[in-house]
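Chemist: Can you read through this structure? Questions will come right after.
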Amino acid sequence: MLVRSVLSSFLRKMATNKATVPMVKLNNGREMPALGLGTWMSKEGEGVAALKTAIDAGYRHIDTAFFYQNEKEVGHAVRSKIAEGVVQREDMFITTKLWNTFHDPSHVEEAFKRSLENLNLEYIDLYLMHTPMSYRFKGWFADDLMPYADGKLELTEVDFVETWKAMEKLLKTGKVRSLGVSNFNSEQIARLLAECKIKPVTNQVECNPGLNQRKLTAFCKERDVTITAYSPLGRPNYYEKDPENVPKPALDDPRVAEIAKKYGKTPGQVVLRYLFELGTIPIPKSANEARLRQNIDIFDFKLTEQEIAVMDTFHTGKRSVPFSLCVNSKYFPFNIEF
């Protein structure tokens, strides 16, 4: 037993990255690592390998979703590292999401149960409503998640407030610790706060230098709601990319390269540090070991006011994830500035 204990302690120390990730205090008293790993389009063998590498590199915050179809891979990687003694369950912060086809209150509990079963962990740290928009329910399988009729995505008008009220009931199960939302605008956040009992702990939105979300971040901060930043480095290979309208990423700009050189960092690390200093929680996605280690190593330097001003110049307000298939939804969130 003593040998096993010593070995477990050694493995956990080896798995901790040199960079210490600070914790963010949520409005319900729980804590969330200030940087995480996004897993969109991270599947099967490659996804599991990348997740294990990430945990070894020090990541403790992993973001997935039912729609990503990789919850099983996330759970497998976490359980493997627990079995190796690298981490304990309480070290990890696992987020997943309620998909748009499950917004009807009658589907919420079952959707949550399926995510919990996929992950095969004792509990989920954070459960988000993936968007405020709802789609027609067809079924529970991958082919059912984007329902089309006559070439158009089938939208419904389930009120996200009613969906949220059904999510609130999940807290009583003890199987989820915190609730939040994703892709909500300021008016939708305000309505949720006015009409519901449980305050969301975070609003996960696209946030990068081209869409820095300063106004939404300030709005949410005033209400003690954090902003989690997905696509923090941009999304050059995303299927909705419009080359004429999506701005050139800050990663390729010589000014950012110059800032990176000053600190002995990469342009990506400068971007992530910028977003952290804006008060967001970035969740970059990578399967590359070197980049995984770089992305988490952003807490040993600080940008000057002048450097932040340079980073601010990249803001255009344009989205790389515009949800263009949903513009006719009653609850489409991007018709207002923030």
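Conditions tested, residue by residue: (1) under 23 Å from the mean Cα position of the chain (by Cα); (2) β-branched (Val, Ile, Thr); (3) modelled with pLDDT under 95; (4) under 26 Å from Pro33 (Cα atoms).
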position	(1), (2), (3), (4)
Ile296	yes, yes, no, yes
Thr304	no, yes, no, yes
Asp312	yes, no, no, yes
His315	yes, no, no, yes
Val321	yes, yes, yes, yes
Leu325	yes, no, no, no
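Chemist: Between Val158, Val181, which is at negative phi, in contact (Cβ under 8 Å) with a residue 12 or more places away in the chain and not in a loop (DSSP other than H, G, I, E, B)?
Modeler: Val181
Chemist: Still on this model: The conditions are (1) part of a helix (DSSP H, G or I); (2) touching an Asp or Glu at 6+ places or on another chain (Cβ under 8 Å); (3) open to solvent by 70 Å² or more (accessible area, probe 1.4 Å), and Ser115 fails exactly one of them. Which is it?
Modeler: Here Ser115 clears every test but (3).
Chemist: Which one is surrounded by the most Cβ atoms within 10 Å (Cβ to Cβ), of the residues in the stretch 93-108 that are β-branched (Val, Ile, Thr) and assigned to a strand (DSSP E or B)?
Modeler: Thr96
Chemist: Go through the stretch 268-299 and report how many residues are over 22 Å from Pro254 (Cα atoms) and either in a helix (DSSP H, G or I) or not hydrophobic (A, V, I, L, M, F, W, C) (or both).
Modeler: Number of matching residues: 10.
Chemist: For the stretch 151-165, give me each residue that is surrounded by 21 or more Cβ atoms within 10 Å (Cβ to Cβ) and hydrophobic (A, V, I, L, M, F, W, C). First the steps, then the outcome.
Modeler: Start the filter on the stretch 151-165 by keeping residues that are surrounded by 21 or more Cβ atoms within 10 Å (Cβ to Cβ), which leaves 158, 160, 163-164.
Correct list: Val158, Phe160, Trp164.
Chemist: For the stretch 194-237, how many residues are among the charged types (D, E, K, R) and either farther than 20 Å from Glu31 by Cβ or crowded, with 21+ Cβ neighbours inside 10 Å (or both)?
Modeler: 7
Chemist: Which of the residues that make up the stretch 45-84 are under 30 Å from Met146 (Cβ atoms), outside any helix (DSSP H, G or I) and open to solvent by 10 Å² or more (accessible area, probe 1.4 Å)?
Modeler: Gln69
Chemist: Among (1) touching a residue at least 12 places away in the same chain (Cβ under 8 Å); (2) loosely packed, with under 15 Cβ neighbours inside 10 Å, there is one condition Tyr148 misses while meeting the rest; what is its number?
Modeler: The number of the failed condition is (1).
Chemist: Quick one: would you say Ile283 is over 22 Å from Tyr59 (Cβ atoms), modelled with pLDDT of 95 or more and crowded, with 19+ Cβ neighbours inside 10 Å?
Modeler: Values: over 22 Å from Tyr59 (Cβ atoms): no; modelled with pLDDT of 95 or more: yes; crowded, with 19+ Cβ neighbours inside 10 Å: yes.
No; evaluated as a whole, the condition is false for this residue.
Chemist: Report whether or not Glu31 is open to solvent by 10 Å² or more (accessible area, probe 1.4 Å), at pLDDT 95 or above and within 16 Å of the chain's Cα centre (by Cα).
Modeler: yes
The values are calculated or read from the model by the stated rules, or taken from the named source; none is laboratory data. Note that the structure is a prediction, hence the values are computed from the model and not measured. Because the Cβ atoms are built from the backbone with ideal geometry, glycine has one as well, and the counts that use them run over all protein chains shown. All accessible areas refer to the heavy atoms of the entire protein, side chains included, with ligands and DNA or RNA removed. Shrake-Rupley method; radii C 1.70, N 1.55, O 1.52, S 1.80 Å.
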